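The values are calculated or read from the model by the stated rules, or taken from the named source; none is laboratory data. Bear in mind that the values here come from a model prediction, so they are computed numbers and not experimental data. Using ideal geometry, Cβ is built from the backbone for each residue, glycine included, and neighbour counts are taken over all protein chains shown. What goes into the accessible areas is simple: the full protein's heavy atoms, side chains included, and nothing from ligands, DNA or RNA. Shrake-Rupley method; radii C 1.70, N 1.55, O 1.52, S 1.80 Å.
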Amino acid sequence: MICLGIESTAHTFGAGIVNNNEVVSDVKDMYIPPKGSGIIPREAGIHHIEKSTSIIKECLEKADMTMKDIDAVAFSQGPGLPQCLRVGGVVARMLALKHKKPLLGVNHCVAHIEVGKNCTSSKDPVVLYLSGGNTQVIAFTEGRYRVFGETQDVPIGNALDMIARSFGLSMPGGIHIERLAKSGKYFELPYVVKGMDLSFSGLATEAIRQYKKGVSMEDVSYSFQETCFAMLAEVAERAMAHTGKRELLLVGGVAANKRLQEMLNIMCEERGAKFFVVPMKYSGDNGSMIAVTGSIYNRPIEIENSDVRQKWRVDEVAIDS
Ligand code: ATP
Ligand code: FE2
């Protein structure tokens, strides 16, 4: 099956084409907020409107295909920012209607997981899904991806972005924090794990406070990373022990972080478990992950039922197998 996938949940507008789950083309462009600001949903939506045509055109050209070659159009139906989601929704509906193709509504979180599984040999993992909008420990049980633990406040990527913004650095902030942390020293920050849930808000506030008091960007970055990554490793390990699963799969934009990968790898080695990471190319939002997921599930929806779902949780999606 050849599937065109469209991603537009937040800052990225992306299109990807897969042929039997092999990525043949992937094109994306990211909205960059004004300096010192987080994502402005209306502006991101306008970015997506302006870029959508050229991105889809380029994606088809790179695959050396036209819409005639496409068997189905998949789009990120949720969760995400409504101003952004609607752009992908409109574009996907128009393409499906005009070219008489089935329309596939994909859950963005499931897509982060499926692209991770598709690119690795991971079969039945505990998943750490870490991004700007989500922080969840997920595992497949009884027909669904269930959430075993999650953030009680801000997601990890958002916290990294907040700290980078306080340093006056551009988005996405996680990349800067990773670079700065390489030459930092450790100081203690609040370690907040509550049962299986995590909290990053107080930790980020304290890190920013220390920076404003004169602690270097490097030390703040290093200490922040060490603290939150240890918290994540603890909860992931507990989920593995609880579910009896022997694999850990790291997905989402924050998965690109090498220090996080290193810490989780050590934890898995100590348990005799296998550790997998989504390739960096597909860790951030992209159209291919939507195309992969659309192809795997292949569940066409009617145009009338294709409204975007701003708060569509991963555990609301029936997977069945
Ligand atoms: P979702 O809708 O799934 O929550 P998202 O909109 O946050 O996705 P992603 O592209 O999945 O988008 O993730 C972006 C996040 O990843 C940002 O918060 C960014 O700072 C973070 N990030 C990117 N690279 C790194 C890195 N090397 N280390 C840590 N964090 C990173
Ligand atoms: Fe994402």
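Things to note:
- In order along the range 189-201, phi translates into HN-Hα couplings of 10, x, 9, 10, 10, 10, x, 9, 9, 10, 9, 10, 5 Hz, rounded to whole numbers, per the Karplus curve 6.51 cos²θ - 1.76 cosθ + 1.60 with θ = phi - 60° and x for Gly and Pro.
- Rounded tilt (10° steps) of 82-98 against the dominant C-alpha axis of the chain: 20 degrees
- Normalised contact order of the range 123-277, rounded percent, pairs of Cα under 8 Å and 6 or more residues apart: 27 percent
- Rounded to 10°, Cα long-axis angle of helix 287-297 versus longest principal axis of the chain: 70 degrees
- If you sort VAL192, VAL110 by accessible surface, 1.4 Å probe, largest first, the order is VAL192, VAL110.
- Probe 1.4 Å, accessible area per residue of the range 123-277, Å²: 41 Å²
- Phi-derived couplings, Karplus 6.51 cos²θ - 1.76 cosθ + 1.60 at θ = phi - 60°, listed residue by residue for the range 220-228: 5, 4, 4, 5, 5, 4, 4, 5, 5 Hz, with x used for Gly and Pro.
- Helical content of the chain, expressed as a calculated mean residue ellipticity at 222 nm, amounts to -14000 deg cm²/dmol (DSSP H runs of 4 or more residues, -39,500 (n - 2.57) each, divided by residue number, nearest 500).
- Interchain or long-range residues, amide H under 5 Å from VAL277's placed H: LEU250
- Nearest-ten-degree value, helix 108-119 long axis tilted from longest Cα axis of the chain: 90 degrees
- Additional length obtainable on full extension of the chain from LYS311 to ASP124, 0.36 nm per residue less Cα span: 64.8 nm
- Candidates GLY16, GLY38, GLY294: whichever shows maximal mean-square fluctuation once the chain is modelled as a Gaussian network with Cα springs under 10 Å: GLY38
- Structure remark: mean-square fluctuation, Gaussian network model of the chain, C-alpha springs under 10 Å; the largest value among THR293, THR151, THR66 belongs to THR66.
- Alpha carbon Rg of the range 123-277, scaled by the compact-globule rule 2.2 N^0.38 Å: 1.01
- Note on the range 123-277: with neighbouring protein chains present and a 1.4 Å probe, carbon and sulfur make up 51 percent of its accessible heavy-atom surface.
- Residues of the chain were split at every exposed loop site, defined as trypsin sites (Lys or Arg not before Pro) in a DSSP loop with at most 14 other C-beta atoms within 10 angstrom, and the longest piece left, sites excluded, is 214-310.
- Probe 1.4 Å, all protein chains present, accessible-area order of ASP315, ASP320, largest first: ASP320, ASP315
- Distant-in-sequence amide contacts of ARG309, defined by a placed amide H-H separation under 5 Å and a gap of 5 or more residues or a different chain, comprise GLY78.
- Summed side-chain charge close to ILE2 - residues other than ILE2 whose Cβ falls under 13 Å, Lys, Arg +1, Asp, Glu -1: -2
- Residues in the range 235-249 carry Karplus couplings, in order, of 5, 4, 5, 5, 5, 5, 5, 5, 8, x, 7, 9, 9, 10, 10 Hz; the curve used is 6.51 cos²θ - 1.76 cosθ + 1.60 with θ = phi - 60°, and Gly or Pro positions show x.
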